[in-house]
Amino acid sequence: MRTSSLLSLSWALALLASSSSLVSADVVEHTFEVANVTVTRLCRDNVIAAVNGIFPGPTIYVREGETIIVHVINNSPYNLTIHWHGVFQLSSQWADGPEYVTQCPVLPGKKYTHKFNITAQEGTLWWHAHTAFFHGWVYGALVIRPRLGHSYPFPKPYKEVPIVLGEWWNANIIEVLEEATKFGNPPRLSDAHTINGLPGPLYNCSQNQTFRLRVRHGKPYMLRIINAALNEHLFFKIARHTFTVAAVDASYTNPYDTDVIVVALGQTVDALLTANQAMDSYFMAATPYQTVNTSVVPVADTTTTGVVVYQDFPD
Ligand SMILES: [Cu+2]
């Protein structure tokens, strides 16, 4: 009797171990503490709310099939929620985060824990505050890699680089929206666009606030481009380089080559880039896509730039 129950126990354990990739996915766990910090951009100090003191917020790396747990601690003076933009949320819709849709705001001093699985999605998504204009401050990349033992449907890039495109106001963005709704006007336009939080040299005081992507000649890179702006579709380009678009919104595409990428608001594009030009530095730029008469519908018509720098450097 005892032997047979031990046998069945060991059989059950063996079965469990062999199917562990199905039943016990790994967990990626983070704590997001949202609090006020002072950030200097465009010659000015601005007090913003940010996650873990960094702007843009931390990139989350996960593999398809894994579980994400994020503890949001709101130490900012504002109500907020965090939304997981584009995640399918299969049977976890309560974890999705839109304020007053799936949950009440997390009040100052309070916490909320999100728990959900990443299933059948690979590529790039992102997360952002889902409360009024708050997402102009609180956002970051969500990188979904294939599960262990699986590979990309293209040669593995030498490096993967999040390119998070955003907007910056020389103002408190919570007040920007309050002002607009008070008078029924469109919100005041942003003062800059940004690449990974940095405006680049076309704006005042921003020469030293330029995103630099250092590349090795001949190596393939994957740019995980996210349009985290609040109001605009954006063009993205790198001088004298072409891209192969490999995925959009965490779905692989039929690959296609282009020298300019348009990223709709909230959308992501994974673009393969081979560093195959002469050893030099090349601008990258993002600027709004405008189809409207801007005297009727104003557009923040400014361009953010970064630099691709070819370098020889050790691994
Ligand atoms: Cu969103």
Roughly what % antiparallel, to the nearest 5, for the DSSP beta bridges in the stretch 20-145? 70
Per-residue Cβ contact counts at 10 Å, fewest first, order Asp257, Asp96, Asp249, Asp270 as Asp257, Asp249, Asp96, Asp270
How many nm is it between the label spots at Asn208 and Ile69, if each spot is 7 Å from the Cα in line with the beta carbon? 4.2
Pairwise centroid distance, computed over Cα atoms, of the stretch 170-220 with the stretch 107-160, Å: 21
Please arrange His193, His233 by counting, for each residue, the other beta carbons lying within 10 Å of its beta carbon, fewest first. His233, His193
Which one, Leu198, Leu177, Leu148, has the greatest fluctuation when you compute a Gaussian network model over the chain with C-alpha springs under 10 angstrom? Leu148
Are there cysteines in the chain with no other Cys C-beta under 4.7 Å, and if so, which? Cys104
Given +1 on the Cβ of Lys and Arg, -1 on the Cβ of Asp and Glu, and no further charges, what dipole in debye does the chain carry about its Cα centre, rounded to the nearest 20? 580
Kirkwood Rh, Cα atoms: Rg over Rh of the stretch 159-310: 1.01
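Shape verdict for the chain, please, from the Cα gyration tensor: rounded (a/c under 1.5), prolate (a/b greater than b/c) or oblate.
oblate
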Could I have the simple spin-label model distance between His233 and Asn52, label points 7 Å from Cα toward Cβ, reported in nm to one decimal? 3.4
Please state the shape class of the stretch 274-315: rounded when a/c is under 1.5, otherwise prolate if a/b exceeds b/c and oblate if not, all from the C-alpha gyration tensor. prolate
Do the sum for the chain: with -39,500 (n - 2.57) for every DSSP H run of n ≥ 4, divided by all residues, what is the mean residue ellipticity at 222 nm, to the nearest 500 deg cm²/dmol? -3000 deg cm²/dmol
Site Leu265, offset 7 angstrom along Cα→Cβ, radius 20 Å on amide nitrogen, limited to the stretch 49-68, gives none
Roughly what % of DSSP beta bridges within the stretch 159-310 run antiparallel, to the nearest 5? 75
What are the residues whose amide H is under 5 Å from the amide H of Phe32, where those residues sit 5 or more places off or on another chain and H is modelled from the backbone? His71, Val72, Ile73
If you line up the long axis of helix 2-18 against the longest principal axis of the chain, both from Cα atoms, how many degrees apart are they, to the nearest 10? 30
Measure off 7 Å from each Cα along the Cα-to-Cβ vector at Thr102 and Gln311, then give the distance between these two points in nanometres to one decimal. 3.9
Against the longest alpha carbon principal axis of the chain, how many degrees, from 0 to 90 and to the nearest 10, is the axis of helix 173-183 turned? 60
Out of the DSSP beta bridges found with both residues in the chain, what percent are antiparallel (nearest 5)? 70
How would the stretch 20-145 be classified by its alpha-carbon gyration tensor: rounded, prolate or oblate, with rounded meaning a/c under 1.5 and the a/b versus b/c comparison settling the rest? prolate
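We did not get these values from a lab; they are worked out from the coordinates using the rules stated. As the structure is a computational prediction, the values presented were derived from the model and not from experiment. Cβ: placed from backbone, ideal geometry, glycine included. Neighbour counts: every protein chain shown.
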